[in-house]
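Just passing along the structure, written as C-alpha cells.
The values are calculated or read from the model by the stated rules, or taken from the named source; none is laboratory data. Everything numeric here is computed off the predicted structure, so don't read it as measured data. All Cβ positions, glycine included, derive from the backbone under ideal geometry; neighbour counts span all protein chains shown. We work out accessible area using only protein heavy atoms, side chains counted, and drop any ligands, DNA or RNA first. Shrake-Rupley method; radii C 1.70, N 1.55, O 1.52, S 1.80 Å.
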Amino acid sequence: LFTRWKGCRLVIEAGGHSPWISRLGKECGMEVVVANPRRVELISKSDKKSDRTDAESLARLGKSDVELLAPITHRSKEAQEHLAVQRARNALVASRTGLINHVRGVLKSHGYRGPRCGAERFAAQALRGLPKELEPALAPLLGLLLRTTSEIKALEKKLERIAREHYPVTELLQGPKGVGPIISLSFVLTLDDPKRYKGRDVGAYLGLVPSLNASGLGNPQLHITKAGDREMRRLLVLAANYILGRFGPDCDLRRFGLRIAGDGSDKNAKKRARVAVARKLAVLLHHLWKTGAVYDPFYLAKKRGEPVPAGA
C-alpha cells in the first residue's frame, strides 16, 4: 500500500504502532510526520471522535501547516530494541518489589517480621526463617523471587554489554556521582541523537520544566509538565536524590540543589531542589555527550572563584 504512495506525506499520531509504521513509510519513499497527541487537542479532546474524523483532521493539519502537529521524531530501530531490554529489567524489578511487599504483609499479619535486607537477598533470608504454617502460601512466591532476581542480574549484565559494545559514550556520562550504567544507557537510548536537542531543550523534552500559563498580569507557578519518557525522568530524580542525600559528594550540582532546598524545613523547597538538580543533570549529561568533554564536578565553582576542595 505504501509503495503506491511514494513521495506523498504520511501523517500519523504517535502511539504503540507509530514507530515501525513511520520507519516503513520512510523506507517506501514517503514523507512521514508523526503528530504529538499531547499538543493536538483538536483530536485528543474532540467531542465527535472516530477514526474517520481523526484522519480527516490530521490530513487537514498536515496539508495546511505541519508545525501545528508538533511533530516528533521516533528513536532508531536499534535504540528501540536495546531500550526494550532496559524496560524488561524495569518490569522485573517492579514485579519483585510487589512480591516482596506481599510477603512482608502476610508475615506481618501473622505476627512475624520479614528480614531487614536488600531486595537481592530478601528471598534467600526469608526462606531460612519462614514459619511452617506459611510455607504453602509463601514458599512458591519466594522461589519466584529467587528466579526473578536471577533474571534481573542477567539482564543487567546484558545491558552492561550493550553499553560497552554499542554506546561507549555511556562511560563518559558516568562522571557525575549517582549516574551509573543503567542511568547513562537509558539516557543515551531515550535521546538517541544528541544533535536533535539544543542545550536546555533536554529538560523540556523530559518534562522537567514548569508548565506555563501566563495571561495578562497573571503568571502562576505551575507543576512540571511531565512530558516525555516517564522512566527516564524517574531515573534522573533518583540520581538527584543521591546527589542531595547524605552520601552525595560536594560538587556544583549538590551546591545548586542545597541553595534551593534551604535549611530543609520546607518540604516543597526540597522537592523543587530535586527536580531542579534532575533537570540540570540532564542538561549536563547532554553537554558531555555532545562535546565529549570530561566531567569536572567544580567547573562552575572555579569559574565563579568559589572555594573548592584541595586537589579538585
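State whether the chain is rounded, prolate or oblate according to the following rule on the C-alpha gyration tensor (a ≥ b ≥ c being the square roots of its eigenvalues): a/c under 1.5 gives rounded; otherwise a/b larger than b/c gives prolate, and the remaining case gives oblate. Please list the in-between numbers first.
Working: a/c = 1.74, a/b = 1.26, b/c = 1.39.
Here the chain falls in the oblate category.
Taking the Cα-to-Cβ direction at Glu231 and at Lys45 and moving 7 Å from each Cα, how far apart do the two end points lie in nm?
3.0
Quickly work out the Asn268-to-Asp201 label distance, labels modelled 7 Å from Cα along the C-beta direction, and quote it in nm with one decimal.
It is 3.3 nm.
Explain nothing, just the number: dipole magnitude of the chain about its Cα centre with +1 on each Lys and Arg Cβ and -1 on each Asp and Glu Cβ, in debye rounded to the nearest 20. Display every interim value, and only then the final one.
Details: 55 positive and 31 negative charges, 128 e Å.
Roughly 620 debye, rounded to the nearest 20.
Straight-line reach from Lys132: which lysines have Cα under 25 Å away, leaving out those fewer than 8 places along the same chain?
Hits, sequence-local ones excluded: Lys108.
Take every DSSP beta bridge whose two residues both sit in the chain, then give the antiparallel share in percent to the nearest 5. Numbers along the way, then the final one.
Details: 3 of 8 bridges.
Counting only bridges with both partners in the chain, antiparallel ones make up about 40 percent.
Could you tell me which of the pairs Lys177/Lys271; Lys226/Lys267; Lys158/Lys271; Lys226/Lys271; Lys280/Lys303; Lys195/Lys280 are separated by over 23 angstrom between their Cα atoms in the structure shown?
Lys158/Lys271
Within region 1-98, what is the number of lysine pairs with alpha carbons under 27 Å apart, leaving out pairs fewer than eight places apart on the same chain?
8
Which percent of the accessible heavy-atom area of region 148-259 goes to carbon and sulfur, probe 1.4 angstrom?
Here carbon and sulfur together make up 52 percent of the probe-accessible area.
Loop-only check: which chymotrypsin sites (Phe, Trp or Tyr not before Pro) in region 235-303 are DSSP coil with at most 15 other Cβ within 10 angstrom?
Answer in residue order: Phe247.
Going by amide H atoms built from the backbone, whose H comes under 5 Å of the H on Glu31, apart from near neighbours?
Those qualifying (amide H under 5 Å, at least 5 residues apart or on another chain) are Gly7, Cys8, Arg9, Leu10.
Using DSSP to define loop residues, name the trypsin sites (Lys or Arg not before Pro) in region 56-141 whose beta-carbon has at most 14 other beta-carbon atoms within 10 Å. Display every interim value, and only then the final one.
Numbers: sites: Arg60, Lys63, Arg75, Lys77, Arg87, Arg89, Arg96, Arg104, Lys108, Arg113, Arg116, Arg121, Arg128, Lys132; in loops: Arg75, Arg113, Arg116.
Those that pass, being in a loop and sparsely packed, are Arg113, Arg116.
Loop only by DSSP, 13 or fewer other Cβ within 10 Å of the Cβ. Give me the trypsin sites (Lys or Arg not before Pro) in region 164-238 that pass, ordered by residue number.
Working: sites: Arg164, Lys177, Lys195, Arg196, Lys198, Arg200, Lys226, Arg230, Arg233, Arg234; in loops: Lys177, Lys198, Arg200, Lys226.
When the trypsin sites (Lys or Arg not before Pro) of region 164-238 are filtered for loop state and at most 13 Cβ neighbours within 10 Å, Lys198, Lys226 remain.
What FRET efficiency comes out for the pair Arg161/Asp193, r = Cβ-Cβ distance, R0 = 25 Å, nearest 0.05?
0.65
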